[in-house]
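Read through the structure below, which is laid out as structure tokens, and then see the notes.
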Amino acid sequence: MRIRLPNIIELTIALSVVAPLAHGEEITVSQEAHVHGLSELSIAMEGEKLEIQFTSPAMNLLGFEHKASTQKDLLAIENTASVLRQHETLFLFSGGRCDHINTSIDLTVLIESDEHKKEHEKHEKHEEHAQNNNHSDVVASYKYRCENIGQLRALTVDVFEAFPGVHKVNAGWIKPIQQGAATLTPSHRVVEFR
């Protein structure tokens with residue numbers, strides 16, 4: 001019987017269930033809460049396929065969550081996207097060889113559209129309008145092909161140096177017959193697949 005790789009939505013639902021850790025501690029991986037300093041990492045594996053989704057409040061990565069309307073804001077978005085594209089520095093695999101297929105980064109919620117600019121011009125209280133729309137998440141997805149995914153023992157996550165606003169990452173992983181979760185910090189950056 002062949003098991004198909006769950007898509008990110010299915011993975012998010014599966015990981016939102018409480019997952020027991022090795023020492024009996026339990027954590028919940030849930031993408032519903034928007035907490036500054038906290039990011040989430042979802043990892044799905046099957047056959048030769050491995051997918052990683054990193055989700056974080058924009059505040060953690062950019063220092064703001066409002067629609068970018070200045071050159072400074074747009075440059076910050078461009079720099080953040082550039083860092084997120086550097087998968088080889090953000091994720092280090094142990095025990096298996098995985099080749100990067102593609103990366104997808106969604107920062108569109110932070111880029112001010114022409115319609116939004118016109119809306120701003122109509123409002124006298126520009127600051128109040130901007131504050132009503134201040135919770136934005138950045139989502140980066142990474143796809144890999146691994147020669148022997150069974151040999152993959154761990155993933156080191158190096159987002160803390162690149163993004164000092166990230167203080168903790170709730171990570172969850174799933175493969176056809178096993179799943180797990182871990183809380184990552186600057187001093188504990190490794191997700192072990194066991």
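The values are calculated or read from the model by the stated rules, or taken from the named source; none is laboratory data. What you are looking at is a predicted structure, and each value in this text was computed from that prediction instead of being measured. As a convention, Cβ positions derive from the backbone with ideal geometry for all residues, glycine included, and neighbour counts pool all protein chains shown. For the accessible areas, the whole protein counts, side chains as well, though only heavy atoms, and no ligand, DNA or RNA atoms are used. Shrake-Rupley method; radii C 1.70, N 1.55, O 1.52, S 1.80 Å.
Can you find a residue in region 127-135 that is open to solvent by 90 Å² or more (accessible area, probe 1.4 Å) and either under 14 Å from the mean Cα position of the chain (by Cα) or modelled with pLDDT of 95 or more (or both)? Within region 127-135 (the criterion being open to solvent by 90 Å² or more (accessible area, probe 1.4 Å) and either under 14 Å from the mean Cα position of the chain (by Cα) or modelled with pLDDT of 95 or more (or both)), the answer is no, since none of the residues qualifies.
When T70 is tested against the conditions (1) under 30 Å from G47 (Cβ atoms); (2) open to solvent by 20 Å² or more (accessible area, probe 1.4 Å), the lone failure is (1).
Among residues of region 185-194 being out of contact with any helix residue (DSSP H, G or I) (no Cβ under 8 Å at 6 or more places or on another chain) and modelled with pLDDT of 95 or more, the one that is most open to solvent (accessible area, probe 1.4 Å) is S187. On the stretch given as region 147-194, residues that are among the acidic types (D, E) and assigned to a loop (DSSP other than H, G, I, E, B) total 2. On the stretch given as region 24-47, residues that are out of contact with any Phe, Trp or Tyr (no Cβ under 6 Å at 6 or more places or on another chain) and modelled with pLDDT of 95 or more total 6.
So, in region 95-123, of the ones that are in contact with a helix residue (DSSP H, G or I) (Cβ under 7 Å, 6 or more places away or on another chain), open to solvent by less than 70 Å² (accessible area, probe 1.4 Å) and in a loop (DSSP other than H, G, I, E, B), which residue ends up modelled with the lowest pLDDT? Out of the qualifying residues, it is G96.
For region 65-89, the set of residues classified as of a type in the set (D, E) and either closer than 28 Å to V190 by Cα or touching a Ser or Thr at 6+ places or on another chain (Cβ under 7 Å) (or both) consists of E65, E78, E88, listed by residue number.
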